[in-house]
Structure formats: C-alpha cells, structure tokens
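Everything on this sheet refers to the single structure shown next.
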Amino acid sequence: MTFRQLLLKNSLGNFHKYSSYFLSCTFTVFIFYLFSAFIFHPNVKLGENIHGIVTVLLMGCLVVIVFFTVIFVWYSNSTFMKSRKKEFGLLKLIGLENKQIARLIFFEFSMISILAIVIGILFGMLMTKLFFMGINVILKPIIPLTFAVPIDALVLTVGVFLLLFELITLLGLREIQKSETIHLIKAAKKPKEPPVYSRFLVAIALMLLMAGYALAAISNLVLLFFAIIPILVFVIIGTYLLFMQVTTAVLSKLQQRSTLYWKKTNMTTISNLIYKLKDNARILSIVSILSAVVTSSMGLLLWFSDSSSTTIRGPQDLLIVQQGLEDEPVYTENEIRSYAQTYEMDVHAVDETVILPSTVLLDQREHTMWIMSVSDYNQRAERMESIQPLTVAEDDAVFIAPFVQGEGDVYRPPTYEDDEMLIPLAKGKKLVKVIDSLYEVAIIRGKPLGEKYLLVVSDDHFQEWKKDYPQEKALVLHEYYFGDLTHGKEFYAALQQEKPEATDVMYEGFMTYLDVHTANQLLLFIGLFIALLFFLANGSLIYFKLFTELEDDRQMFLILRKVGMSDQEIRRVLTIQLAILFFLPVLVGTIHTLFAFNSARAALFASTVWQTGSFAIVLYFLFQLIYFLLARTVYTKKVLRS
C-alpha cells in the first residue's frame with residue numbers, strides 16, 4: 001500500500017468522526033466570509049454609504065469568530081489525537097517513522113481543512129446576495145449593496161483559516177512524536193480509575209454557584225458593573241466543579257440505593273454515566289456556558305427590540321406647537337397628511353391638546369410646567385402603551401415629571417413633594433391638592449423643546465382656568481401618530497426644507513427610535529449567525545466526543561449483548577446517556593440564563609425580558625432536541641453494528 005492510498009483510506013475510514021468537526025468548520029468559514037464580504041464590499045465606505053460603527057461591529061464579530069475557531073479546532077484536534085493513539089502505535093509497529101506518521105496526520109487534517117474552507121467560501125458566495133439583500137433592508141444604504149466577490153475577503157478568509165488550521169495541527173503533532181510505540185498501543189487499554197468525589201469540592205462548587213447567583217440577584221446597574229467579573233469567575237469555576245464533582249456525588253449516591261441501582265438496566269446506565277460525565281466535565285461545562293451566552297444574549301436582544309418601540313420611540317411621532325388659540329399651525333393637518341402620503345406613511349391618529357403654560361418651584365428653582373385636562377391626558381394614554389389613564393376629582397391634580405424608569409437615578413428630575421400647590425396663572429393664583437406625583441413621559445422631550453413638567457387637573461377646573469387665560473399665551477399641541485416609519489427621516493427633512501421656520505415649533509419623536517431600531521435589527525441579524533455558530537459548536541463538541549469513544553462503547557455493548565442484554569435495552573441505555581449528555585449542560589446553562597435575566601430585569605428595568613427570554617430558551621431546546629435525535633439515531637446504529 002502506498003502512502004497516498006494509506007492517506008485516502010484513513011481519511012475515508014475516519015470520516016464519520018470528522019463529519020461534525022467538518023460541518024462546524026465549514027459553517028465558521030461561511031459566516032467569516034459573509035462578514036468579510038460586507039466589510040470589503042466596494043460600496044461600503046466608512047462614514048459615507050454605511051455608518052462606520054456597522055463595519056467596526058462586524059470586525060469585532062470576525063475577531064470573536066477567530067477566537068472561537070482557535071478554541072474549537074484546538075480542542076477537536078487534541079481529542080482526535082488522544083483517541084487515535086492506538087492507531088498511531090500500530091503504524092509505528094509496522095515500520096512507519098515519526099516523520100511519516102506526522103505527514104499522514106498533517107495531510108489528513110489539511111485535506112479536511114482545505115475542503116471546509118473551499119465549501120464554506122463557495123456556500124458563502126451562493127448566500128452573499130441574500131445576505132446583502134438583508135443588509136439593504138435593515139440599513140437602507142445610499143448605494144445598495146449588490147452581489148460582489150471581494151478579492152480582499154477571499155484572501156483574508158483563506159489566509160486566516162488556513163493559518164489557524166495548519167498551525168494548530170502542527171502543534172498537535174508534538175504529543176505523538178514524543179510517545180513511545182508501546183505507550184501509544186496501550187493508551188486505549190489503560191484502565192480508568194474509579195471516579196471519586198471530594199465533599200469539600202462539592203461544597204465549593206455549590207457555594208461558588210450560589211455566590212454568583214446571589215451577586216447577580218442583588219446587583220443593580222451600578223453594582224453589576226463591578227460585580228460582573230466575580231460573577232463570571234464564580235459561575236464558570238462552579239459549573240466545571242458541578243460536572244466534575246457534584247454529578248459524581250449524585251450518581252454515587254444512586255449506586256448505593258440498591259432498589260434503584262439493580263433495577264433493569266440502571267446499573268449499566270449509572271455506571272457508564274459516572275465515567276462519561278467526569279471524563280467530559282471540561283467540555284460539558286464549556287457547553288453550559290456557551291448555552292447560557294446564546295440564550296441570554298438572544299433573549300436580551302429580543303427584549304430590546306420589543307421594548308424599543310415603547311421606551312425609545314417618542315410619545316408622539318410628530319408634535320407641532322401652535323402659539324395662541326386663534327392662530328394657525330405652521331403646517332395644517334391636510335398638509336401633513338399630503339406629505340405623509342407622498343412618503344408612504346399612514347397617519348393613524350391626530351390629536352389637538354390645549355396647554356396652559358405656568359411655572360413650578362422645585363429644589364428652589366423655577367421650572368416650566370404645562371397644565372393639561374385629565375381628558376386630554378387620558379386620550380394620550382390610549383395612544384401609548386407606556387402610561388396609564390388617570391382619575392382626577394374636582395379640586396385635585398396629579399404632578400408628572402418627565403422620566404422613564406431605567407434611565408438611571410443620575411438623570412432623575414426633581415418631583416413635587418407637597419400636598420398642595422399654588423399655581424401662578426395670568427389672573428392670580430389657583431390652589432389645588434396634589435394627590436400624586438408620577439414619573440412619565442407624555443410629551444416629546446429633549447432639545448429644543450426641553451423637559452416639560454405636567455400638571456393634570458379636572459376638566460371643570462381646566463375649562464374654568466382656560467376662560468381667564470390670555471388666548472395669545474395658550475398653546476395648542478397638534479399631535480400626529482404614524483404607522484410605518486420606513487421613510488420617516490425623508491418625510492421630516494422635507495417638512496424642514498419646505499418651511500425652515502417650522503424648525504422652532506415642530507418636533508419629532510422617531511429619529512432616535514429609527515437609529516436604535518436599525519442598530520437592533522442589525523444586531524439581531526448578526527446575532528442570529530453567531531448564535532447558530534455557537535449552537536452548532538455546542539452540539540458538535542458533544543457529538544465529536546461521543547464518536548471518539550464509539551469503539552469503546554461498541555465493545556462494551558457487544559459483551560453485554562453476549563451475556564443477554566437485548567438490542568432494545570441497549571437502545572434505552574444509549575438514549576438515556578445521550579439525553580443526559582446533550583440536555584444536562586443546556587439545563588445548567590438555562591439556570592445561568594434565568595439569573596442573568598433577573599439581573600437584567602433589576603438593572604435595566606426589563607420587565608418583559610422573561611417573555612422574550614423564555615422564547616429564546618424554548619427555541620434553543622427545540623434545536624438541541626433535533627440535534628439530539630439525529631445524533632442518537634446515527635450513534636445507536638453504529639454501536640449496534642456487528
């Protein structure tokens with residue numbers, strides 16, 4: 001047999017072991033090429049066609065992918081080398097030298113690596129147009145991104161991954177070259193030490209996890225900034241010890257329960273699991289952490305996308321302030337509707353609110369205060385999901401300071417704390433009873449309109465005060481609520497260009513929302529690819545580890561079959577083992593995620609994060625279930641093969 005024939009036969013014979021590794025590497029190259037093709041696209045110019053922060057974000061993603069690839073390929077390579085020591089020993093025994101074996105391994109891994117790079121790039125080229133279409137929809141660049149194959153992207157992708165794959169492969173050869181033939185042949189036959197656990201380490205594991213969870217539970221936004229590193233350290237070390245010590249302790253206790261241990265195939269299942277969980281503690285802890293990262297990040301991104309429409313979008317989409325009750329606004333309703341139709345924007349609602357300007361003394365400073373009737377305020381509440389309607393009696397009033405929970409106490413404005421308020425009006429002062437002081441944003445705020453305090457009074461009082469208030473000093477707010485804001489920026493720019501004087505009395509509440517919404521859509525779009533990459537890596541690491549132990553499991557179950565265990569019982573044992581290996585890390589990761597969501601709820605006032613987070617967790621479990629069913633089917637067939 002020639003060296004080339006040996007190389008080809010070896011590669012084909014080990015392909016079932018390589019398949020998961022190959023698929024993960026191909027998908028990694030695919031994502032890297034897509035992001036690189038965007039960065040090096042001819043139409044992408046920093047700060048001109050597409051904002052520079054987008055390019056920086058994708059460059060950051062490339063660094064994450066490279067870092068992830070180094071860890072994944074290094075671990076996969078190391079596991080492969082250890083699982084094939086007997087094979088390498090036999091090759092030495094029949095006369096192959098270390099250099100020849102090294103060449104064999106190098107060319108074998110190089111074939112897989114080059115094939116992964118080629119297929120990943122080809123698949124990336126096929127999906128480039130679809131990827132750019134998604135980018136065009138989200139970012140709406142001045143010059144749309146068309147299909148292109150940037151040479152820089154090709155060179156970078158091939159160069160980075162070829163260097164990574166080959167370098168890590170060369171580093172992995174050192175262990176084989178240093179080993180003696182007899183050690184390599186006997187590597188697989190070395191008896192494993194019976195797993196034991198330390199009560200001290202079990203206690204340390206539980207204490208570290210509880211300490212990390214407790215810190216996460218009690219931390220607000222400021223404390224979380226300082227506590228994030230200790231939390232990560234506690235949880236990561238605690239997770240590793242959980243799989244290394246706590247699982248061994250639990251299974252050892254189950255072995256001592258004779259009624260359970262000696263029932264049917266439980267003895268085989270529990271005995272195998274003790275070894276498998278302890279042997280794979282490192283990889284299972286990594287999978288748990290990666291699962292937590294994926295589910296928590298996707299849950300938070302979905303929450304931010306959902307909440308941005310109510311917290312970042314202004315209470316009104318467009319506000320035109322009219323000075324005086326008898327004057328005309330700078331733009332009439334018909335004119336606004338005409339412009340909205342031109343820019344394909346539906347006008348959902350139009351309101352007019354009369355305001356009586358006044359002042360209020362807070363912290364020994366005089367602030368502007370707008371007086372509004374409770375009917376107008378409640379009508380506003382119907383348009384918005386974030387504020388609640390009020391009930392105000394004849395002589396009562398509710399004071400409202402412009403503030404949203406979650407903006408941070410440093411930005412919290414002063415509020416009115418007395419039970420009564422003497423209101424300065426044009427013809428004297430009016431006394432009302434302040435029954436409540438709230439923090440709400442019911443009117444567009446920020447420059448140049450400023451922060452306006454509101455005083456909501458009964459309809460009777462408002463109408464009575466309005467009669468005595470100078471009509472030329474009263475204000476009328478013309479409030480517009482739109483549907484689709486796709487062309488909102490162009491619409492508002494056209495209004496400003498047509499009547500430059502409108503800038504002083506016209507205010508928008510959607511520009512920041514559109515910018516944040518676009519950024520969030522891009523994060524979701526990119527996050528989906530990164531999440532898929534991490535998910536595929538999680539499943540691949542477990543699948544990969546299983547197939548390195550396939551021959552040992554096959555021999556063990558062959559012996560058990562000879563002593564009377566049926567194929568159905570073997571399938572049941574394998575299903576339980578695989579289910580625990582696939583889902584226990586995800587379950588532990590989910591617990592980590594739930595505490596992360598609790599921290600987000602307290603620190604970011606993310607009250608709806610449980611809903612979006614639950615969706616992300618359920619979706620992850622469904623994907624993991626599909627991966628488990630496929631792996632179980634393939635693995636069981638190979639174990640039962642005679």
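Quick notes on this structure:
- Given (1) among the charged types (D, E, K, R); (2) closer than 28 Å to Ala397 by Cβ; (3) outside any loop (DSSP other than H, G, I, E, B); (4) modelled with pLDDT under 90, number of the condition Glu479 does not satisfy: (4)
- Residues in segment 155-180 that are farther than 17 Å from Val70 by Cβ, at pLDDT 85 or above and buried (at least 18 other Cβ atoms within 10 Å of the Cβ): none.
- On the stretch given as segment 559-580, residues that are in contact (Cβ under 8 Å) with a residue 40 or more places away in the chain and out of contact with any Leu (no Cβ under 7 Å at 6 or more places or on another chain) total 11.
- Val250 vs. criteria at pLDDT 85 or above and under 30 Å from Arg571 (Cβ atoms): yes
- Flag if Asp346 is among the acidic types (Asp, Glu) and in contact with an Asp or Glu (Cβ under 8 Å, 6 or more places away or on another chain): yes
- Scope segment 270-290; condition in a helix (DSSP H, G or I), touching a Leu at 6+ places or on another chain (Cβ under 9 Å) and among the polar types (S, T, N, Q); matching residues: Ser271, Ser285, Ser288
- Meets criteria (assigned to a loop (DSSP other than H, G, I, E, B), modelled with pLDDT of 90 or more and over 30 Å from Leu223 (Cβ atoms)) for Val392: yes
- Total residues in segment 328-361, condition touching a residue at least 60 places away in the same chain (Cβ under 8 Å) and open to solvent by less than 70 Å² (accessible area, probe 1.4 Å): 20
- Residue in segment 456-470 that is modelled with pLDDT under 85, surrounded by 13 or more Cβ atoms within 10 Å (Cβ to Cβ), out of contact with any Gly (no Cβ under 6 Å at 6 or more places or on another chain) and in the same structural domain as Glu366 (by the TED database) present: no
The values are calculated or read from the model by the stated rules, or taken from the named source; none is laboratory data. These figures come from a predicted structure and were not determined experimentally. Note: ideal-geometry Cβ built from the backbone for every residue, glycine included; neighbour counts use all protein chains shown. Just the protein is used for accessible areas: all its heavy atoms, side chains included, with ligands, DNA and RNA removed. Shrake-Rupley method; radii C 1.70, N 1.55, O 1.52, S 1.80 Å.
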